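Could you have a look at this structure, given as structure tokens, before my questions?
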Amino acid sequence: MTSQSPAAGGAGLAGLRPRLPSPLVELPDERFARHGVRLLLKRDDLIHPELPGNKWRKLAPNLRAAAEAGRHTLLTFGGAYSNHLRATAAAGRLLGFATIGVVRGEELADRPLNPSLRYCVASGMRLLFADRATYRRKTEPEVLAGLVERAGGDCFVVPEGGSNAAAVLGCAELGRELRGMADVVGVACGTGGTLAGLAAGLGEGQRAIGFPVLKGGFLGAEVERLQGEAFGGRRGTWRLDERFHCGGYARTSPALDAFADDFTARHGLPVERLYVAKMLYGLTTLTEEGAFPRGTTAVAVITGAP
Ligand SMILES: *Cc1c(COP(=O)(O)O)cnc(C)c1O
């Protein structure tokens, strides 16, 4: 490892030329127009080619904090297809941090790496495979200390999905960019960090709807916990619609596939399937159910690229 300090504290992040504020574009869609609803896309997927969407918004404040703390190594967590692991690996390569990814599933250590993990390794990330029991307990101090020890110590730890108070504060900027632009904002949720920040950043009279991609009904409490950590309590107007997980994380249904294929055919826009497709499916369904009064402007946050 070099003794040179990572660039993230100074011009490093700005040097990556993020496209911020991200573009906001109207998308004419007859399923919305019929109900008097305008649909706009918030193109967070265009912020940076390797750190797209909410991954930029959540990682940027953590990278600054790591650089300020003089840490050279980032340690974080994810599943075998985690967008957050990939973004962290890319950030490390671009900004001069060593990166360590704790991957859920010990059995994966003996198998060929999937394309997502291959990208992480090619970006210089060291992978530590953890059995599922250890992975589940990764936030417990002794378990975390053990993982940091295995990683060689002295790491800046970023939680799973990148969602901590700093990340939530970073995502509040997404809400602020949308002030005066929308009545309702739809966003896909994994850990809920993006929704927690987005809702807090929106202005008076604006509201957010989160569409969880995981099954389980635990996310409302988690969003409240993250808002408590970042702001000291619940902020903004938000709710969840839990009907569109389509079987759970990385699962799909024939209806979702048909929706996403049709959306791409209508608009010439490929749709990220794990998160964005479920949010668009949810927002379209709510519109068709008449959930929004005529004259509503709805924004769909495109949190990532296919
Ligand atoms: C990570 C991710 C999300 C989920 O964000 P959370 O803050 O964890 O809720 C949504 N969309 C895309 C494309 C993602 O990669």
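Mind listing whichever residues of segment 243-262 are buried (at least 17 other Cβ atoms within 10 Å of the Cβ) and in a loop (DSSP other than H, G, I, E, B)?
244, 245, 246, listed by residue number.
Just checking, does segment 283-290 include any residue being within 14 Å of the ligand (Cβ to nearest atom), out of contact with any strand residue (DSSP E or B) (no Cβ under 6 Å at 6 or more places or on another chain) and part of a helix (DSSP H, G or I)?
No, that holds for no residue.
Considering 178, 202, 256, 240, which residue is within 12 Å of the ligand (Cβ to nearest atom) and among the hydrophobic types (A, V, I, L, M, F, W, C)?
240
Pull out all pairs, ordered by first then second residue, where Cβ-Cβ is under 7 Å, the residues are six or more apart or on different chains, the first lies in segment 109-128 and is in contact (Cβ under 8 Å) with a residue 12 or more places away in the chain, and the second is among the charged types (D, E, K, R).
Sorted first by the residue in segment 109-128, then by its partner, the pairs are 116/86; 119/86; 120/86; 123/93; 124/93; 128/150.
Give the residue, chosen from 198, 219, that is in contact (Cβ under 8 Å) with a residue 60 or more places away in the chain, in contact with a strand residue (DSSP E or B) (Cβ under 6 Å, 6 or more places away or on another chain) and over 17 Å from residue 286 (Cα atoms).
After applying the criteria, what remains is 198.
Of all residues in segment 211-223, count the ones that are within 17 Å of the chain's Cα centre (by Cα) and in a helix (DSSP H, G or I).
Adding up the residues that qualify gives 4.
Another question about this same structure. Kindly list the number of the only condition in (1) more than 16 Å from the ligand (Cβ to nearest atom); (2) under 25 Å from residue 296 (Cα atoms) that fails for residue 42.
(1)
Taking residue 230 as the residue in question, decide whether it is crowded, with 18+ Cβ neighbours inside 10 Å, within 16 Å of the ligand (Cβ to nearest atom) and in contact (Cβ under 8 Å) with a residue 12 or more places away in the chain.
The answer is yes for residue 230.
Among the residues of segment 181-199, which ones are more than 9 Å from the ligand (Cβ to nearest atom), outside any loop (DSSP other than H, G, I, E, B) and either under 11 Å from the mean Cα position of the chain (by Cα) or not hydrophobic (A, V, I, L, M, F, W, C) (or both)?
Correct list: 186 only.
Further question: Could you list, in sequence order, the residues of segment 63-80 that are assigned to a loop (DSSP other than H, G, I, E, B) and modelled with pLDDT of 95 or more?
Result: no residue meets the conditions.
Follow-up. Does any residue of segment 28-38 turn out to be in the same structural domain as residue 197 (by TED's automatic domain parsing), in contact with a Ser or Thr (Cβ under 6 Å, 6 or more places away or on another chain), within 16 Å of the ligand (Cβ to nearest atom) and of a type in the set (Val, Ile, Thr)?
no
Within the set of pairs 6 or more residues apart or between chains, which connect a residue that is farther than 24 Å from residue 215 by Cβ inside segment 262-289 to a residue that is modelled with pLDDT under 95 with Cβ atoms less than 7 Å apart?
Partner pairs satisfying both residue conditions: 270/306.
The values are calculated or read from the model by the stated rules, or taken from the named source; none is laboratory data. A quick note: this is a predicted structure, and the numbers were derived from the prediction, not measured. Note that we place each Cβ from the backbone using ideal geometry, even for glycine, and neighbour counts take in every protein chain shown.
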